[in-house]
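I'd like to ask some things about the structure below.
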């Protein structure tokens, strides 16, 4: 699948001005272009991607999607966050999970001061309800499970049965679950997440990502029994 290029912006936080973004609760970066620049080409590209995901993925009953980048700075977090927000804007009950326990980034794009804990704590505390670690309704129809900080044992945490249990609960609770993952050339975390949820979206960056690297990642994901539903090319 070929998608229009998505243009990233600098993640300088601003107070969200729209009525649907309570200023007292949530800080949203301009990089969330579906909110900050909804009429721009980047937001339109995200909506095209949303349409594809909704018609070819969600309507088939596939509730989760791991967003995987081939290398650092490809815009994986940008795509995951904007896609999650875009889905929430059309009434889809969406959960955004920051599974990048090595260099979390979702909280830099959407920050909720009331958030407590995160995926790291959730995986380390298997006897606590998953709902205790999820920040509900950060935006209308959008909940977030933040990373909760860097974990030195990220691979071990994601390899536990607890992670599969968490994903099973999330898939039953929300209409769509979008998961941000670390770059594939730095760890196997994205492969593990994709294996658990079954579906992944590959993100590459124009003039930076090599075609061979993208093909290698797609092959690795498929070898890990994940279906690659498409690719997104980010502008520099």
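One line per residue, one yes/no per condition, for (1) surrounded by fewer than 19 Cβ atoms within 10 Å (Cβ to Cβ); (2) touching a residue at least 40 places away in the same chain (Cβ under 8 Å):
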site	(1), (2)
103	yes, yes
109	no, yes
121	yes, no
138	no, yes
143	no, yes
147	no, yes
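How many residues, within segment 30-42, are surrounded by fewer than 22 Cβ atoms within 10 Å (Cβ to Cβ) and assigned to a loop (DSSP other than H, G, I, E, B)?
5
Let me ask something additional. Can you name the residue in segment 205-233 that is part of a helix (DSSP H, G or I), touching a helix residue (DSSP H, G or I) at 6+ places or on another chain (Cβ under 9 Å) and in contact (Cβ under 8 Å) with a residue 24 or more places away in the chain and, of all such residues, is surrounded by the fewest Cβ atoms within 10 Å (Cβ to Cβ)?
The extreme case among them is 220.
Would you confirm whether or not segment 80-89 contains a residue that is over 27 Å from residue 187 (Cβ atoms), in contact with a strand residue (DSSP E or B) (Cβ under 9 Å, 6 or more places away or on another chain), modelled with pLDDT under 95 and not in a loop (DSSP other than H, G, I, E, B)?
Among the residues of segment 80-89, not one is over 27 Å from residue 187 (Cβ atoms), in contact with a strand residue (DSSP E or B) (Cβ under 9 Å, 6 or more places away or on another chain), modelled with pLDDT under 95 and not in a loop (DSSP other than H, G, I, E, B), which makes the answer no.
Can residue 113 be described as more than 12 Å from the chain's Cα centre (by Cα), over 20 Å from residue 221 (Cβ atoms), at pLDDT 95 or above and assigned to a loop (DSSP other than H, G, I, E, B)?
When the stated conditions are applied, residue 113 does not pass them.
Answer yes or no: is there a residue in segment 59-79 that is assigned to a helix (DSSP H, G or I), over 21 Å from residue 217 (Cα atoms) and either touching a residue at least 40 places away in the same chain (Cβ under 8 Å) or touching a helix residue (DSSP H, G or I) at 6+ places or on another chain (Cβ under 8 Å) (or both).
no
Enumerate the pairs (first residue in segment 180-204 and touching a residue at least 24 places away in the same chain (Cβ under 8 Å) and on the phi > 0 side of the Ramachandran plot; second residue anywhere and part of a loop (DSSP other than H, G, I, E, B) and surrounded by 22 or more Cβ atoms within 10 Å (Cβ to Cβ)) with beta-carbon separation below 7 Å, excluding pairs fewer than 6 apart on the same chain, so at least 6 apart or on different chains.
Every condition considered, the pairs that remain are 198/226.
The values are calculated or read from the model by the stated rules, or taken from the named source; none is laboratory data. As the structure is a prediction and not an experimental result, all values here were calculated from the model. So basically every Cβ, Gly included, is an ideal-geometry build from the backbone, and we count neighbours across all protein chains shown.
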